[in-house]
Amino acid sequence: MKSTFNIHRSPVFWSLLGFTIVVAAFLLVPVVLSILTGLTNNQFVGLSSGLTLKWVFKVWESYQDSLWLSLGIAVACLASTLVMGVPAAYVLSRVQGKLARTIEEMLMLPVALPGLATALALIVTYGALGNFRTHWTFILVGHFLFTLPFMVRSVLAVLLSVDMHTLEEGARSLGATFVQRFCGIVLPNCRSGIVAGSLMVLTLSIGEFNMTLLLHTPLTQTLPVGLADAYASLRIEVGSAYTIVFFMMIVPLLIALQLAGGRKAHK
Amino acid sequence: MKTDRAWLIGMTLPVAAMFFTFFAVPLAKLFVIGGSGELGWSAYVAAFIEPRYWRSMVSTVTLSVVVTISTLVISGVAGVFLARHEFAGRQVLTALLTLPLAFPGVVIGFMVIMLGGRQGLIPTITNMLIGEKLVFAYSMVGLFVGYIYFSIPRTILTVIAAAEKLDPQLIEAARSLGASNWRVLIDVLIPGLKPALLAAGAICFATSMGAFGTAFTLATKIDVLPMIIYTEFTLQANIAMAAALSFVLGLLTWAALAFARSLTGNTVAAAA
């Protein structure tokens, strides 16, 4: 029961609202604090030392390579999960039953297993293979395994919610080939799933750390790895400024993700 | 549409090939490497017997269990509240609660430092109030705070989705029969949300077991298993032991997910 126009709320309502606000504050206050710290001249003195962008510029100068690398890997990761994940989701929607469930679960394993284990497994197997180890594609492989299930699940959920079979049967009876049906009917119908999956893949790839810390080399330092480095070795204002740069990349994606999810829910 | 079979198989092949080459084969190799060190196959036994590993395994599991229970309670209360009440600002509140959804562990570690580090908010406040800085970021408490920080957003999402699907008539019926808030909670809400809570809890547990970034940023003295694995690998160069430990960690995590799945009879990972 949703009490929409109830002005006289019960004490239970107010205490629950208070609790929820406290939880939200717990999540947001540190975000605000870190942004402020990154813009403060001297954190020890506090805000009275004045606001500045010098830390952000400093981070931009010394770490922008990591930002471009992270973006590049995220886009490549998106491309590969699109090319391989969307068809795989379609196949899973066609082949229902125990086999499909098993395949789905197997694809989920890289998410269920600790990233550290997957990264170690990749290193002991392919670490000595030519210069693959020092190439950015080595990180890409890890990110691909980790993000693929999110694309597959997102698309699969949409495919299972529309009666694709009837649509396709209709097109087929009119003589449409498989490729025509896939591109003309399947892809347009699962657009919302593709959009949501894509945003999720980008967000996860940009923020991935557990695997990347082991997979990276000094030449292939991604943004979260650079962040860890800055937190450990540089003054707190620089770490905070770096965090601001990271937020600027990831927060728009997260907001887009929420909007996409909201649209889906209201359809 | 039998004739599509060739296409369907063709569409599966690239994923299957990638998965086999870069996941199945490496995992098998990891298992073998785990048994190829000084200790041989008994490295897998050592993971449970050697006091350093055993202690870390116990503290990792304990931490993950406590985090899971706390997250479920916090997100359960807030999620059900948000799903069942309409009020101005509800959507904003929901959006704020789910915003940190994909913050990586390193960043969350830094958030904990902002809250409870040497210059953090809470120590500063306690310093003003009681003249003593309560620094908690670098202890087990700091890890706990960081872990519930990243678990709350995703768990709340699952709870809201499940609570919105609950039939409001059930609650209405219970109320009209004179059930108190408490009885509605015990008899209607919790049973109705049980599958979602189990699924979300399993994911929360699995994520906490493998979480690494937060501990890495906090650079705590507490050795959670992922930190031990990292140390074995980088500082000790004991690749075999690192492999054995990460295989055991993976197995524990997977077992937790499989157990939750057997309880719900559904694909647990759907909540991820």
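Net charge within 13 Å of residue A:98 by Cβ-Cβ distance, Lys/Arg positive one each and Asp/Glu negative one each, not counting residue A:98 itself?
Details: positive: A:101; negative: A:104, A:105.
Spelling it out: positives minus negatives among the neighbours equals -1.
Would you list the P(r) distribution for region A:77-228, with all Cα-Cα distances sorted into 10 Å bins from 0 and each bin expressed as a whole %?
Histogramming region A:77-228 at 10 Å steps yields 11, 35, 29, 16, 8, 1 percent.
Taking every eigenvalue of the Cα gyration tensor of region A:8-52, multiplying by 5 and rooting it, what semi-axes result, largest first, whole Å? Please list the in-between numbers first.
Values: eigenvalues 246, 17, 9 Å².
Square roots of five times the eigenvalues give 35, 9, 7 Å.
Please tell me the relative contact order of region A:1-112 in percent, rounded to the nearest whole number, where contacts are Cα pairs under 8 Å and at least six residues apart.
Working: 25 pairs, mean separation 10.9, N = 112.
Relative contact order of region A:1-112: 10 percent.
Which of the helices in chain B meet the span-like rule: DSSP H, Cα axial reach of 27 Å or more, Kyte-Doolittle mean at least -0.5? All intermediate terms of the calculation are to be shown ahead of the outcome.
Values: long enough: B:51-84 (48 Å, 1.10); B:140-165 (37 Å, 1.23); B:190-210 (29 Å, 1.28); B:239-264 (37 Å, 1.72).
Length and hydropathy pass: B:51-84, B:140-165, B:190-210, B:239-264.
Name the residue, out of B:163, B:88, B:78, whose mean-square fluctuation peaks in a Gaussian network model built on chain B with Cα pairs under 10 Å.
Result: B:88 has the largest fluctuation of those listed.
Starting from the amide H of residue A:40, placed 1.01 Å from N in the peptide plane, find each other amide H under 5 Å away whose residue is 5 or more places distant or on another chain.
The list, which skips near neighbours in sequence, is A:52.
What share of Cα pairs, in percent, lie more than 17 angstrom apart in region B:5-62? Could the numbers behind the result be given before it?
Details: 1014 of 1653 pairs.
Cα-Cα pairs of region B:5-62 separated by over 17 Å account for 61 percent.
For residue A:75 and residue A:129, calculate 0.36 nm times their separation in residues minus their Cα-Cα distance, and state this gained length in nm to one decimal. Provide the component values of the computation, followed by the final result.
Values: separation 54, 0.36 × 54 = 19.44 nm, distance 2.45 nm.
Working it through step by step, the gained length comes to 17.0 nm.
Which of B:61, B:45, B:159 ends up with the largest GNM mean-square fluctuation for chain B, with Cα atoms connected below 10 Å?
Most flexible of the set in this elastic network: B:45.
Computed FRET efficiency, Cβ-Cβ of residue B:18 and residue A:15, R0 60 Å: what is it to the nearest 0.05?
0.75
On the protein heavy atoms, probe 1.4 angstrom, tell me the percent of accessible surface of chain A carried by carbon and sulfur. It would help to have the intermediate numbers written out before the result.
Numbers: 8250 of 11900 Å².
Reported share for carbon and sulfur atoms: 69 percent.
What's the whole-number percent of alpha carbon pairs in region B:174-213 lying beyond 15 angstrom?
On the way: 437 of 780 pairs.
Cα-Cα pairs of region B:174-213 separated by over 15 Å account for 56 percent.
Viscosity 0.890 mPa s, temperature 25 °C: what is the translational diffusion coefficient of chain A from Stokes-Einstein with a Kirkwood Rh over Cα pairs, rounded to a whole number of µm²/s?
Numbers: Rh = 21.6 Å.
Estimated diffusion coefficient is 113 µm²/s.
How high is the relative contact order of chain B? Use alpha-carbon pairs under 8 Å, at least six apart in sequence, and give a whole percent. Each step should come with its number before you reach the end.
Values: 307 pairs, mean separation 76.0, N = 272.
Averaging sequence separation for qualifying contacts and normalising by length gives 28 percent for chain B.
Run through every distinct alpha carbon pair of the protein assembly as shown and return the Kirkwood hydrodynamic radius in angstroms, one decimal place. Provide the component values of the computation, followed by the final result.
On the way: mean 1/r = 0.0404 Å⁻¹.
Computed over the protein assembly as shown, the radius equals 24.7 Å.
What does the net charge come to around residue B:159 if you take all other residues with beta carbon closer than 14 Å to its beta carbon, with K and R at +1 and D and E at -1?
On the way: positive: B:84, B:154, B:165, B:194; negative: B:164.
With Lys, Arg at +1 and Asp, Glu at -1, the neighbours total +3.
Quick one: which bits of region A:204-233 get at least 20 Å² less accessible when the partner protein chains are in, versus the chain alone, with a 1.4 Å probe?
Residues meeting the cut-off: A:207, A:209, A:210, A:213, A:214, A:228, A:231.
Could you rank B:99, B:235, A:259, A:122 by how accessible they are, 1.4 Å probe, largest area first?
Values: B:99 30, B:235 140, A:259 115, A:122 0 Å².
Putting B:99, B:235, A:259, A:122 in descending order of accessible area: B:235, A:259, B:99, A:122.
What number, in percent, do you get for the relative contact order of chain A if the mean sequence gap of Cα pairs under 8 Å and at least 6 apart is divided by its residue count?
Details: 256 pairs, mean separation 81.0, N = 267.
So the answer I get is 30 percent.
Counting only protein heavy atoms and rolling a 1.4 Å probe, how much accessible area do B and A lose on contact, total for both sides, in Å² to 100?
Using a 1.4 Å probe on protein heavy atoms, the buried area is about 7800 Å².
GNM on chain B, C-alpha springs below 10 Å: top fluctuator among B:151, B:42, B:180?
Per the Cα network of chain B with a 10 Å cutoff, B:180 tops the list.
Quick one: pull the percentage of alpha-carbon pairs in region B:106-188 with a separation above 19 Å. Write out the running numbers ahead of the final one.
On the way: 2017 of 3403 pairs.
Summing the P(r) of region B:106-188 above 19 Å gives 59 percent of all pairs.
I want to make sure I understand the PRE zone here: with the label point 7 angstrom from the Cα of residue A:96 toward its beta carbon, which residues in region A:142-182 have backbone N atoms less than 16 Å away?
Within reach of a label on residue A:96, which here means backbone N under 16 Å from a point 7 Å along Cα→Cβ, region A:142-182 contributes A:156-169.
Simple spin-label model, 7 Å along Cα-to-Cβ: residue B:88 to residue B:172 in nm?
Spacing of the two 7 Å Cα→Cβ label points: 2.8 nm.
In nm², what is the average projected area of the convex hull enclosing the Cα atoms of region A:139-267? Let's see the in-between values first.
Numbers: hull surface 40.2 nm².
The orientation-averaged projected area of the Cα hull of region A:139-267 comes to 10.1 nm².
What is the log10 of I(q)/I(0) for chain B, computed with the Debye formula using one identical point scatterer on each Cα and no solvent, at q = 0.08, 0.11, 0.14 Å⁻¹?
-0.46, -0.80, -1.11
Roughly how many debye, to the nearest 20, is the charge dipole of the protein assembly as shown about its Cα centre, given +1 on each Lys and Arg Cβ, -1 on each Asp and Glu Cβ, and no other charges? Before the final figure, lay out each step's value.
Details: 32 positive and 21 negative charges, 160 e Å.
Computed about the Cα centre, the dipole is about 760 debye.
If you take every residue apart from residue A:204 with its C-beta less than 14 Å away from the C-beta of residue A:204, what net charge results, scoring Lys and Arg +1 and Asp and Glu -1?
+1
Which value, in Å² and to the nearest 10, is the accessible area of residue B:223 when all protein chains are kept and the probe is 1.4 Å?
For residue B:223, the solvent-accessible surface is approximately 70 Å².
With only alpha-carbon atoms counted, please give the Rg and Dmax of region B:179-253, in Å.
Over region B:179-253's Cα set, Rg and Dmax evaluate to 18.9, 62 Å.
Rounded, prolate or oblate: which one fits region B:34-138, using the alpha carbon gyration tensor with axes a ≥ b ≥ c (rounded when a/c is under 1.5, else prolate when a/b beats b/c, else oblate)?
Values: a/c = 2.80, a/b = 1.58, b/c = 1.77.
Oblate, since a/c reaches 1.5 and b/c is not below a/b.
Report, in cubic angstrom per residue, the convex hull volume of the C-alpha atoms of region A:1-115. Mind dumping the intermediate values first?
Details: hull volume 32.4 nm³, N = 115.
Value for region A:1-115: 282 Å³ per residue.
The values are calculated or read from the model by the stated rules, or taken from the named source; none is laboratory data. Note that the coordinates shown come from a computational prediction; the quantities given were computed from them, not determined experimentally. Here the Cβ is made from the backbone with ideal geometry for all residues, glycine too, and neighbour counts use every protein chain on show. For the accessible areas, the whole protein counts, side chains as well, though only heavy atoms, and no ligand, DNA or RNA atoms are used. Shrake-Rupley method; radii C 1.70, N 1.55, O 1.52, S 1.80 Å.
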